[in-house]
Amino acid sequence: MRASTLDILTRAQEDGYAVGAFNVFDDLSLRSVVQAASAAASPVIIQFSVRTARSMGVQLVTDMFDAAADAASVPVSLHLDHCPDVAVIEEVVKAGWSSVLFDASHLDLEEARAQTRRVVDMAHAQGIEVETEIENIVGVEDGVGSDVLTHAYSEAELVEIARETGADLLAPQLGTAHGLYTGRPVLRPDRVRTLRKLTDMPIVLHGGTGLADAEFQMFIEAGVSKINVSTAIKRSYMEASTEALREARSADRWEPLPVFDAIAASVGETVTAHLQAFGSVGRAVGATR
Ligand SMILES: [Zn+2]
């Protein structure tokens, strides 16, 4: 069933678990995530990057999501990941997505504040929620972002701006990065604890791929309620494709459906493992919204 991102996260926050926000890039990855969440009786957030939304077209993504969400027995919401482009946000707001991440992390503080306020006003007028990011989370994801930390603020400043702009979710820099880690990151659950004392707004952890279950647990205990996972899904999809295609070639059997089944099974396993680590399994039992 279709749900609001904020409702899903408010419930998670009250009950002390986090919800996986998985980046998908076609109908197969979308269905695999929704099916795995349904099988685990877990709420889930579906995310598209701006690049994927542009490539498929916002309307097609919306239609695919609606069909998948209608068939799901668990709350599912549709979120636009890292978007610095107000025109794309306008388009998904019109299409009725659940929420958007307005990425203002490349802007200086006053410009970030002014633009975020305008985006929130525009989105809220249509009942769409906004995740705010004014500190840049390092790593490039689908063409958006930077490997260099350029904007960093105090927790009090982050909360003040989130409040003042009217944003619904907060994405701070927490020591994680997009993509695969080459060294061990310095994780900052202490920042989450500080933010939690200042606000009830759901806090988002980006760069979830490659963290250990105990590290997820540490962030959830500190108060994170949305965890973004992209690279692990892509990797699972591509590795399962490679293996299935190799088998098809060696058997000289050119049926696409078994390849899709292998990909769906692999993506599903990756999703299930994350839902277990986030503590969201079984939480959608009896969900009415
Ligand atoms: Zn991110």
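The values are calculated or read from the model by the stated rules, or taken from the named source; none is laboratory data. A quick note: this is a predicted structure, and the numbers were derived from the prediction, not measured. Reconstructed Cβ throughout: ideal geometry from the backbone, glycine too, with neighbour counts over all protein chains shown. Remember, those area values only see protein heavy atoms, side chains included, never the ligands or the DNA or RNA. Shrake-Rupley method; radii C 1.70, N 1.55, O 1.52, S 1.80 Å.
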Q.
Give me the residue from segment 82-121 that is polar (S, T, N, Q) and farther than 19 Å from Gly145 by Cα and, out of that set, nearest to the ligand (Cβ to nearest atom).
A. Ser99
Q | Where a residue in segment 133-152 is part of a loop (DSSP other than H, G, I, E, B) and its partner, wherever it lies, is basic (Lys, Arg), with Cβ under 6 Å and at least six apart | A | Asp142/Arg51; Gly143/Arg51
Q: Could you identify the single residue in Ser77, Ser38, Ser73, Ser42 that is polar (S, T, N, Q) and part of a helix (DSSP H, G or I)?
A: Ser38
Q: Just name the residue that is nearest to the ligand (Cβ to nearest atom) out of those in segment 168-187 that are among the aliphatic types (A, V, I, L, M) and within 16 Å of the chain's Cα centre (by Cα).
A: Ala171
Q) Name the pairs whose Cβ atoms lie under 9 Å apart, with the first residue in segment 33-52 and within 14 Å of Ala71 (Cα to Cα), the second charged (D, E, K, R) and at pLDDT below 95, and 6 or more positions between them or separate chains? A) none
Q: Please verify whether segment 94-102 includes one or more residues that are farther than 23 Å from Ile134 by Cα, open to solvent by less than 10 Å² (accessible area, probe 1.4 Å) and either part of a loop (DSSP other than H, G, I, E, B) or not aromatic (Phe, Trp, Tyr) (or both).
A: no
Q: Taking Thr165 as the residue in question, decide whether it is open to solvent by less than 10 Å² (accessible area, probe 1.4 Å) and either more than 16 Å from the ligand (Cβ to nearest atom) or free of Cβ contacts under 8 Å to residues at least 40 places away in the same chain (or both).
A: yes
Q: Kindly indicate which of Thr5, Thr10 is under 18 Å from Asn228 (Cα atoms) and either of a type in the set (Asp, Glu) or open to solvent by less than 30 Å² (accessible area, probe 1.4 Å) (or both).
A: Thr5
Q. Hey, among the residues in segment 61-92 that are out of contact with any Gly (no Cβ under 9 Å at 6 or more places or on another chain) and β-branched (Val, Ile, Thr), which one's surrounded by the fewest Cβ atoms within 10 Å (Cβ to Cβ)?
A. Val86
Q.
Of everything in segment 193-230, what is surrounded by fewer than 19 Cβ atoms within 10 Å (Cβ to Cβ) and within 16 Å of the ligand (Cβ to nearest atom)? Give them in sequence order.
A. Gly210
Q: Could you list all residues from segment 179-192 that are within 13 Å of Ser154 (Cα to Cα) and either touching a residue at least 40 places away in the same chain (Cβ under 8 Å) or surrounded by fewer than 16 Cβ atoms within 10 Å (Cβ to Cβ) (or both)?
A: Asp190
Q.
Exactly one condition in (1) surrounded by fewer than 20 Cβ atoms within 10 Å (Cβ to Cβ); (2) within 13 Å of the ligand (Cβ to nearest atom) is false for Val148; which is it?
A. (2)
Q. So which residues in segment 221-270 are among the charged types (D, E, K, R) and in contact (Cβ under 8 Å) with a residue 24 or more places away in the chain, if there are any at all?
A. Glu221, Lys226, Lys234, Arg235, Glu239, Glu269
Q.
For segment 106-126, check the following and say yes or no: at least one residue is on the phi > 0 side of the Ramachandran plot, part of a loop (DSSP other than H, G, I, E, B) and open to solvent by 10 Å² or more (accessible area, probe 1.4 Å).
A. no
Q) Can we say Val267 is open to solvent by less than 10 Å² (accessible area, probe 1.4 Å) and either more than 16 Å from the ligand (Cβ to nearest atom) or at pLDDT 95 or above (or both)? A) yes
